[in-house]
1. Looking at (1) within 22 Å of Ala332 (Cα to Cα); (2) basic (Lys, Arg); (3) touching a residue at least 40 places away in the same chain (Cβ under 8 Å), can you tell me which one Lys238 breaks?
2. Which residues, taken from segment 65-96, are over 15 Å from Leu192 (Cα atoms), touching an Asp or Glu at 6+ places or on another chain (Cβ under 8 Å), open to solvent by 20 Å² or more (accessible area, probe 1.4 Å) and not basic (Lys, Arg)?
3. In segment 264-295, how many are of a type outside the set (Val, Ile, Thr), assigned to a helix (DSSP H, G or I) and within 18 Å of Thr249 (Cβ to Cβ)?
4. If you go through segment 328-346 one residue at a time, how many are farther than 30 Å from Pro270 by Cα and out of contact with any helix residue (DSSP H, G or I) (no Cβ under 6 Å at 6 or more places or on another chain)?
5. Here are the criteria: (1) open to solvent by 10 Å² or more (accessible area, probe 1.4 Å); (2) part of a helix (DSSP H, G or I); (3) farther than 29 Å from Thr329 by Cα. Tell me which single one Lys298 does not satisfy.
6. Taking the condition of being farther than 16 Å from Glu277 by Cβ, surrounded by fewer than 18 Cβ atoms within 10 Å (Cβ to Cβ) and more than 28 Å from the chain's Cα centre (by Cα), how many residues in segment 301-346 meet it?
7. Kindly check whether there is at least one residue in segment 264-276 that is within 30 Å of Glu191 (Cα to Cα) and open to solvent by 60 Å² or more (accessible area, probe 1.4 Å).
8. Run down Val340, Val305, Val344, Val300 and say which single residue is closer than 18 Å to Ala211 by Cβ and among the β-branched types (Val, Ile, Thr).
Amino acid sequence: MADNARRFHPVVGVAVAVLGLAGIVTAQHLPFRENIQDDLTARSEQALQAAGLSAVQVDFIGRDGTLKAASTAEADRALEIVRGLEGVRVAVADVPTVAAPAPSASPTTPTAPTTPPTVAFALGGGRIAVTGTVPSEAARAALVQTATELAGAGQVDDRLTVDATVTDAGLAALPNVVKAIAKGAKEATVELRDGSLTLAGTLDKQATKDAVAAAAAQVGATVVDRTELAKVQQELVKLPAVTFLDNSTTLTAAGRAALAQAARILTANPQVKVRIEGHTDSNGSTADNLVLSQARAKTVLDFLVKQGVAADRLTSQGYGESRPARPNTSEANQAVNRRVEFIVLP
């Protein structure tokens, strides 16, 4: 018995058990990502089959899915189904481009491109997937470069194909749309298909939404804007204007009432941090307007703190006349430019 005790100490047994348990836990976690994408793929295929779309192929990387369909109509139906499944972060579709028939007059006459390009950017999880069909390698490289600048090297999933029968309509302006939407959305999609530009995602503030709309207008396609503002940002944007006495930092009665509403919104959302921005019109000197805008923003901050909003959730900044909402060409526009804005911080 003494000899056996020397060969197998109880501490050794405990160590072996701990190492074995660690191995089991590690083995259980290694396939976690694969389990997610396998589950989403299986549920997507089942949902598509139930809808009579069993021919649509589904491929998931993590929670980001790519669908391959035979037609635009089939792709739209399939995307609606897959995007509605729990756990899916983003989903885009790839529809093969049908080459235009060669002209019968002369087999040596080159065929002019007639098919509009199809390009989709899917932003999510710090990565960007780019899918679709473009007319040249140069066009493909430009779009991939845009995605790389935004997401970083190694974070781009390039699924673009080149087809010389495809036109370049809208491709030159598309990167500006993607850059604008990426500034204010962690997850979003930008899709150019059949002469239509579809935008989707939750944006951080109205200024981002306006910038995205301006960039989208330059593409020359019909814009379908499905973007929305973050919930708290929407509520703050809808508040009445915060007004002051003329050339003063003293709030009007209406201004105090608007800030009381803002305080209630912020109190109900204690996780939200806000930057208070003060702006003026172009009347007066630039230096005086800057000082006035800074003082008004600080007045708003102090008022909200007195209403019970924690000071460490608030910052204030004055921009004077440097960021007009409208051109200072009329009294009505100048009145709009004399404003205080609440910007929900990421």
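1. Evaluating Lys238 over (1) within 22 Å of Ala332 (Cα to Cα); (2) basic (Lys, Arg); (3) touching a residue at least 40 places away in the same chain (Cβ under 8 Å) leaves (3) as the failure.
2. If the condition is that a residue be over 15 Å from Leu192 (Cα atoms), touching an Asp or Glu at 6+ places or on another chain (Cβ under 8 Å), open to solvent by 20 Å² or more (accessible area, probe 1.4 Å) and not basic (Lys, Arg), then Gly87 is the only one that fits.
3. Step one: list which residues in segment 264-295 are of a type outside the set (Val, Ile, Thr), which gives 264, 266, 268-271, 273, 275, 277-279, 281-285, 287-290, 292-295.
Next cut, assigned to a helix (DSSP H, G or I) only: 264, 266, 268, 287-290, 292-295.
If we keep only those that are within 18 Å of Thr249 (Cβ to Cβ) too, we end up with 287-290, 292-295.
Number of matching residues: 8.
4. First pass over segment 328-346, keeping only residues farther than 30 Å from Pro270 by Cα: 328-335.
Subsequent filtering for residues that are out of contact with any helix residue (DSSP H, G or I) (no Cβ under 6 Å at 6 or more places or on another chain) retains 329-335.
Final tally of qualifying residues: 7.
5. (3)
6. Of the residues in that region, 14 qualify.
7. Quick first cut of segment 264-276, residues within 30 Å of Glu191 (Cα to Cα) only: none.
No, segment 264-276 contains no residue that is within 30 Å of Glu191 (Cα to Cα) and open to solvent by 60 Å² or more (accessible area, probe 1.4 Å).
8. On the way: Val340 fails: closer than 18 Å to Ala211 by Cβ; Val305 fails: closer than 18 Å to Ala211 by Cβ; Val300 fails: closer than 18 Å to Ala211 by Cβ.
Selected residue: Val344, the only one of Val340, Val305, Val344, Val300 that is closer than 18 Å to Ala211 by Cβ and among the β-branched types (Val, Ile, Thr).
The values are calculated or read from the model by the stated rules, or taken from the named source; none is laboratory data. The structure presented is a predicted model; accordingly, all values stated were derived computationally and were not measured. Reconstructed Cβ throughout: ideal geometry from the backbone, glycine too, with neighbour counts over all protein chains shown. Side chains are part of the model used for accessible areas, which takes the heavy atoms of the whole protein and leaves out ligands, DNA and RNA. Shrake-Rupley method; radii C 1.70, N 1.55, O 1.52, S 1.80 Å.
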